[in-house]
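Report on one structure; see the data block that follows.
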Amino acid sequence: MTAAEPYDYAAVGMGPANLSLAALGEPLPDLRPIHLEARESTAWHPGLLLPEATLQVSPLKDLVTLVDPTSRFSFLAFLAQEDRLYRFLTARFPAVHRTEFNQYLQWVSQSIPSIEYGTHVQDIDLRDGLFRLRSERGEVLARNVVLGTGPVPRIPPHLRNHLCADVFHAGEFLLRERTTADRDVTVLGGGQSGAEIVRHLMRLDRVPRSITWITRRPGFLPLDDSPFTNEYFFPQYAREFHKMPGERRRTLLAEQKYASDGIDTATLEDIYRERYRHEYILGRKDWIRLMPGMEVTGCTRLPDGWGLTVEGAEPRVVTTDVVILATGYEHRLPSCMDTLTPRLSTTGGTPDVGEDFSLRLDGDVRGKVYVQNGAQHAWGIADPNLSLLAWRSAVILNDILGYRRYNT
Ligand SMILES: Cc1cc2nc3c(=O)[nH]c(=O)nc-3n(C[C@H](O)[C@H](O)[C@H](O)COP(=O)(O)OP(=O)(O)OC[C@H]3O[C@@H](n4cnc5c(N)ncnc54)[C@H](O)[C@@H]3O)c2cc1C
């Protein structure tokens, strides 16, 4: 991966965010990018690619359509090229399966020759005014860097030392699913991932012996998918949010939580019906225990399983064989930024992010480090969502190009 001539930009991580950048940049003959991905191939949260899981947004919020509906990389173009457009329309899915959206992402990535897979960027520093990105496969020089490394699993502190084959984050679920059959399984977390795992467990041929679902939230709360709320996912709103004072942004992020972190109604209905089926039709009374408003505050290794200390309205110790942490993700700069981090301008401990999505670096730096899906504090609840993907990539591309290639 060594090249004498610097690239216009080096993208780090090729999830949907930087795939969108690559797709919008692909028709531009003068642009010379490189795209670096740690995985051996494109995969969208593979540990949570459950067969029944669906997109929570319109498939028109794909990699390109909202800024370039004529792009050859749209979801509709994928359906047409795969010869399934008529059947897709006729099937009238209420929502697109995530497994199909993953196929779409893989289809796009196959047309981007500048992706170098199996390249885990370990360090980024500066050399002669250029960015130098190092991995086990060598180094590249680039005028700009676009970080798209995605979020990292959030593990509650008292469970960090217990991670093992039976205590794991939801993001690894499909790798470990076989550990749940005929065992007592506890799912922590009342968001969409927790709900999807609970639904999946309830539908397995070999179900767990019991399921306990614990959340700090006062209930299993729905996603607010209503029209006015959905305007939080517009570029216009993101721009307004970006201009607000920090205190106001923090308040709004808390207030708007369930516009992005609630459970979609279809999943809640499925779980409700599955519970009914198991309890009344299959006669498995108390097979699933729902524990909202409760918090796990400790974990102890027992001779045969785990004891979870649970506090709330009815404190108790829950004994279990398996603990699945559907405790969400954190957005922080990846470790490959450690060398540059001391040069970043920050406010209240979080990096400042400009209107062009670039981080502010001190010193004599000509190029920029842009950050995709890493600045919810600056851009609002839509930052990790697919909704702003194409727009954000277009803003970054325009800035790198130095002219307005896309309307933003
Ligand atoms: C299970 C799940 C379902 C979701 N469903 C939806 C949905 O329906 N609608 C919606 O709007 N949003 C959804 N989201 C939120 C969001 O759209 C996704 O998290 C999306 O994948 C974010 O894209 P990304 O490219 O920023 O990060 P990621 O998809 O996490 O991709 C990051 C990539 O960077 C690579 N990488 C990391 N570090 C390095 C490194 N140092 N060097 C090289 N490569 C590296 C990783 O291997 C990975 O491929 C979902 C999130 C999850 C977890």
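Between Arg209 and Arg32, the FRET efficiency from the beta-carbon distance, with R0 = 51 Å, is close to 0.35. Can you list the residues of the range 169-204 with backbone N under 17 Å from a point 7 Å past the Cα of Thr319, pointing along Cα to Cβ? From the range 169-204, the list is 183-186. Restricting the range 305-408 to trypsin sites (Lys or Arg not before Pro) that sit in a DSSP loop and have at most 16 other Cβ atoms within 10 Å of their own Cβ leaves Arg332, Arg360, Arg366, Arg404.
So if we plug the beta-carbon distance of Arg178 and Glu136 into 1/(1 + (r/R0)^6) with R0 = 35 Å, what FRET efficiency do we get, rounded to 0.05?
Numbers: r = 31 Å, r/R0 = 0.90.
Given R0 = 35 Å and the Cβ-Cβ separation, E is 0.65.
Residues whose amide H comes within less than 5 Å of that of Ala11, counting only those at least five positions distant or on another chain, are Ile34, His35, Leu36, Val146 (H built at 1.01 Å from N in the peptide plane). Once the mean 1/r over all distinct Cα pairs of the chain is inverted, what Kirkwood radius in angstroms do you read off? With all distinct Cα pairs of the chain included, I get 22.8 Å.
Each peptide in 103-111, 304-312 was scored by the mean count of other Cβ atoms within 10 Å over its residues; highest first, the order is 103-111, 304-312. Compared with the direct C-alpha span, the chain from Glu255 to Gln106 gains 50.1 nm at full extension, assuming 0.36 nm per residue. What do you get for GluC sites (Glu not before Pro) in the range 188-295 restricted to DSSP loop and a cutoff of at most 14 other Cβ within 10 Å of the site's Cβ? The qualifying sites: there are none.
Which length gain, in nm to one decimal place, applies between Glu295 and Arg248 when the Cα-Cα distance is subtracted from 0.36 nm times their residue separation?
Working: separation 47, 0.36 × 47 = 16.92 nm, distance 2.81 nm.
This chain segment gains 14.1 nm when fully extended.
Each residue of the range 110-125 was assigned a 3J(HN,Hα) from its phi angle through the Karplus expression (A = 6.51, B = -1.76, C = 1.60, θ = phi - 60°), giving 5, 9, 10, x, 7, 8, 9, 7, x, 10, 8, 6, 9, 8, 10, 9 Hz with x at Gly and Pro. In percent, rounded to a whole number, the relative contact order of the range 259-405 is 12, using alpha-carbon pairs under 8 Å and six or more apart.
I'd like the chymotrypsin sites (Phe, Trp or Tyr not before Pro) in the range 327-408 restricted to DSSP loop residues with at most 15 other Cβ atoms within 10 Å, sorted by number.
Details: sites: Tyr329, Phe357, Tyr370, Trp379, Trp391, Tyr403, Tyr406; in loops: Phe357, Tyr403, Tyr406.
Those that pass, being in a loop and sparsely packed, are Tyr403.
Just to verify a number: FRET efficiency for Leu85 and Glu52, C-beta to C-beta distance, R0 = 25 Å, to 0.05? Present the calculation step by step, with values, prior to reporting the outcome.
On the way: r = 23 Å, r/R0 = 0.92.
With a Förster radius of 25 Å, E is 0.65.
Each value in this text was obtained by applying a stated rule to the coordinates, not by laboratory testing. On a predicted model such as this, the values are computed, not experimentally measured, just so you know. Backbone-built Cβ (ideal geometry, glycine too); neighbour counts: all protein chains shown.
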